[in-house]
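Chemist: The structure follows.
The values are calculated or read from the model by the stated rules, or taken from the named source; none is laboratory data. All values derive from a computational prediction rather than experimental measurement. Note: ideal-geometry Cβ built from the backbone for every residue, glycine included; neighbour counts use all protein chains shown.
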Amino acid sequence: MQHEPVADAALPVAGQSPDPAPVAGVDVSKGKLDLFVDTVAGGAGLRLAVDNDDAGIGRLVGKLLECKARLVVLEATGRYHRRAAAALLQAGINVAVANPAHVRDFARAAGKLEKTDRVDAEVLARFGRAMNPRAAARTPQNQTVLSDLVCRRRGLVQMRVAEANRAHDRLPKLAASQSRKLLRLLEQQVEDLDREIAKLIEADDDYGHKAKVIDSIPGIGPGTANQLVVGLPELGTLNRREIAKLAGLAPLNCDSGHYRGQRRIRGGRQDVRTCLYMAAFNARQKCRRFKRYFDGLIARGKLYQVAMTACMRKLLVTLNQMVRNNTHWDQNLHGALA
């Protein structure tokens, strides 16, 4: 496949890391991997295009080992980047999986508006040198399988909600019969996924223990606990500010000069936030501590969604502390806290 030529203007490298070792970017597609190695002393850099299969990935790893790249940056592409990232980590090469939106914003800020596979590989390399993203750790096979199953479950639940909404209309007899059959099938598949997810989590000592700690809070069931364990494996390893921002529940400032804007949440993991919303909704009905906290916010004039968001953040911070300290919920202790 032909590529557009890269513009002659070089990308600016603001905040360049003092380490002169090469940094590489790999643009990932379903069938192809485009490599660009940013060698500071080498001027134009090095390029390589290989197939996204075992042979091509082997060539890619060999070239990166030959260049002695200190970091390789790939975009998160769902499944397509996993095999290359795993092979690079297996070879002892530092790999960072970047958010595509962040990389695109970096390219726009650098004036790189064109978008081809070759350009994207170069942008990824410049992004890695300028931003120095944190290297990823090897993901256990069990976690990858669990993530795929939870993603599949999420899609089925969305289909179930959409079909249930359509079933409320007055449908013809045949359409109504098909809708009922489809809903039964979706329910069965969701139940099958729940059983498989629970079995895999119970087989993992770390995940199983975290799930039991989360499940000890009133209002949170095993299904919600399993989703939080898979969707937020960092639980218990970060401080309260970091974990809240990771889930997109940290109130972010909006100030400029004398202007003081309203704090809002944004970013983070939307799927985790959705799960936490239902968990907080149930917890404030089943647990005295969260009910008192929510009612106090409403009494002070806070809007419902603002109070619920604050309740979600308090629940997340509490879960993070419980997992870190390896403690289960004690109704007598936590229920007495203001």
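Chemist: Give the number of residues within the stretch 92-104 that are surrounded by fewer than 16 Cβ atoms within 10 Å (Cβ to Cβ) and not in a helix (DSSP H, G or I).
Modeler: Number of matching residues: 2.
Chemist: Scan the stretch 59-78 residue by residue and report those that are of a type in the set (A, V, I, L, M, F, W, C), within 10 Å of V37 (Cα to Cα) and assigned to a helix (DSSP H, G or I).
Modeler: L64, C67
Chemist: Looking only at the stretch 210-264, filter to residues that are outside any loop (DSSP other than H, G, I, E, B) and of a type in the set (V, I, T); which one of those is surrounded by the fewest Cβ atoms within 10 Å (Cβ to Cβ)?
Modeler: T224
Chemist: Additional query: What residue, among those in the stretch 45-58 that are under 12 Å from A125 (Cβ atoms) and either of a type outside the set (A, V, I, L, M, F, W, C) or part of a loop (DSSP other than H, G, I, E, B) (or both), is modelled with the highest pLDDT?
Modeler: R47
Chemist: Quick one: in the stretch 59-80, of everything that is under 28 Å from the mean Cα position of the chain (by Cα) and over 18 Å from R129 (Cβ atoms), which residue is surrounded by the most Cβ atoms within 10 Å (Cβ to Cβ)? Walk me through it before giving the result.
Modeler: Initial filter on the stretch 59-80 (under 28 Å from the mean Cα position of the chain (by Cα)): 60-61, 64, 69-80.
Those left that are additionally over 18 Å from R129 (Cβ atoms): 60-61, 76-80.
Numbers: L60: 26, V61: 18, A76: 15, T77: 15, G78: 9, R79: 10, Y80: 17.
Out of the qualifying residues, it is L60.
Residue-by-condition table, conditions (1) in contact with a His (Cβ under 6 Å, 6 or more places away or on another chain); (2) polar (S, T, N, Q); (3) within 25 Å of R269 (Cα to Cα):
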| site | (1), (2), (3) |
| --- | --- |
| V161 | no, no, yes |
| N165 | no, yes, no |
| H168 | no, no, no |
| K173 | no, no, no |
| S177 | no, yes, no |
| L183 | no, no, no |
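Chemist: Okay, moving on. State whether one or more residues within the stretch 8-31 are modelled with pLDDT under 90, touching a Leu at 6+ places or on another chain (Cβ under 7 Å) and surrounded by 14 or more Cβ atoms within 10 Å (Cβ to Cβ).
Modeler: Checked the stretch 8-31: no residue is modelled with pLDDT under 90, touching a Leu at 6+ places or on another chain (Cβ under 7 Å) and surrounded by 14 or more Cβ atoms within 10 Å (Cβ to Cβ).
Yes or no, residue by residue, for (1) among the charged types (D, E, K, R); (2) closer than 19 Å to V272 by Cβ; (3) outside the structural domain of R195 (by TED's automatic domain parsing):
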position	(1), (2), (3)
D117	yes, no, yes
R126	yes, no, yes
A136	no, yes, yes
V145	no, yes, no
L149	no, yes, no
R152	yes, yes, no
V157	no, yes, no
E163	yes, no, no
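Chemist: I've got another one for you. Please specify each residue of the stretch 149-163 satisfying the condition of being surrounded by 17 or more Cβ atoms within 10 Å (Cβ to Cβ), farther than 18 Å from G78 by Cα and β-branched (V, I, T).
Modeler: Passing the criteria: none in range.
Chemist: Report the residue count in the stretch 79-91 for those that are in a loop (DSSP other than H, G, I, E, B) and either free of Cβ contacts under 8 Å to residues at least 12 places away in the same chain or in contact with a helix residue (DSSP H, G or I) (Cβ under 9 Å, 6 or more places away or on another chain) (or both). Walk me through how you get there before you give the answer.
Modeler: As a first pass, look at the stretch 79-91 and keep what is in a loop (DSSP other than H, G, I, E, B): 79-81, 91.
Narrowing further to those that are either free of Cβ contacts under 8 Å to residues at least 12 places away in the same chain or in contact with a helix residue (DSSP H, G or I) (Cβ under 9 Å, 6 or more places away or on another chain) (or both): 79, 91.
Number satisfying all stated conditions: 2.
Chemist: Then there is this: Restricting to the stretch 75-104, name every residue that is of a type in the set (S, T, N, Q) and under 12 Å from A136 (Cβ atoms).
Modeler: Residue satisfying the conditions is N94 alone.
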